[in-house]
Amino acid sequence: MQVDVLDHPLAAVALTLLRDETTPRVSFRSALHDLATMLIYEATRGLPTVAVPVTTPLAETTGARLAAEPVVVPVLRAGLGMLPAAHALIPDAVSAFIGLARDEETFQPTVYLESVPADLSERPVLLLDPMLATGGSALHALRLLAARGASGVVVVSVVSAPEGIAALEASGLDIRVVTATVDEGLNETAYIVPGLGDAGDRLFGAV
Ligand code: URA
């Protein structure tokens, strides 16, 4: 499994804003959008393209279009904060949704929504999950995507824990992780330390 940690000064600045507990919600959303843009840009680096003719005001030349329509899958709720960046970069992408809630006692994900195309073979798939903590939610989502034929899924995460990376690695699934940081680890309630807190609450408010 390939893990790419984005090494860029603008990413570091946006991540600092996200970590700061005093960052207001509006700025948190905006920093997440900026950082998601950088991460998705990196995550889509290997997308196959096909050559297309294009006529400039001066000449005919060859351009490119994506070979297949990507599918972007935000893991609800917090993954929604990364979706506008995916829409902006890949306007033709299809959005699919996986709703997972974390059981606060077992820390295991429970599913409340699966709205995903039946056949994902031959489609590039990006899984948007800002916090790769235990890896439980991501793994659940990845197994669902694999069952529908997805391969080479790129997990786009903002903050990852070594435990989450190890869980994905142990799954043996054909995936790549693009993240802004791999933090120290999980605390006793499976939050990432130093992390940024509960990404869903900071984006949308505690429910
Ligand atoms: N989910 C979050 O939002 N934050 C964490 O630290 C772990 C899981």
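Read-outs throughout are calculated quantities, based only on the coordinates presented, and are distinct from any laboratory measurement. Predicted, not measured: the structure shown is a model, and the values here were computed from it. Here the Cβ positions follow ideal geometry from the backbone for every residue, glycine too, while neighbour counts run over all protein chains shown.
Based on the Cβ-Cβ distance of residue 206 and residue 143, what FRET efficiency does E = 1/(1 + (r/R0)^6) give at R0 = 30 Å, to the nearest 0.05?
Result of the calculation: an efficiency of 0.55.
Using the Kirkwood formula on the Cα atoms of region 100-199, what hydrodynamic radius do you get, in angstrom to one decimal?
When all Cα pairs of region 100-199 are included, the Kirkwood radius is 13.8 Å.
Counting only DSSP beta bridges with both residues in region 21-95, what percent are antiparallel, rounded to the nearest 5?
80
Where in region 5-52 are there trypsin sites (Lys or Arg not before Pro) that are in a DSSP coil and have at most 14 other Cβ atoms within 10 angstrom of their Cβ?
In loop regions of region 5-52 (DSSP not H, G, I, E or B), the sparsely surrounded trypsin sites (Lys or Arg not before Pro) are 45.
Where the convex hull is taken over the Cα atoms of the chain, what is its projected area averaged over directions, in nm²?
Orientation-averaged projected area of the Cα hull: 12.7 nm².
Mind ordering 93-106, 140-153, 72-85, 47-60 by average Cβ neighbours within 10 Å, highest first?
The packing order, highest mean first, is 72-85, 140-153, 93-106, 47-60.
Only counting other Cβ atoms within 10 Å, I'd like 131, 38 sorted with the fewest neighbours first.
Arranged by neighbour count, lowest to highest, 131, 38 become 38, 131.
Under the rule of -39500 (n - 2.57) per DSSP H run of 4 or more residues, summed and divided by the residues of the chain, what mean residue ellipticity at 222 nm is obtained, to the nearest 500 deg cm²/dmol?
-9500 deg cm²/dmol
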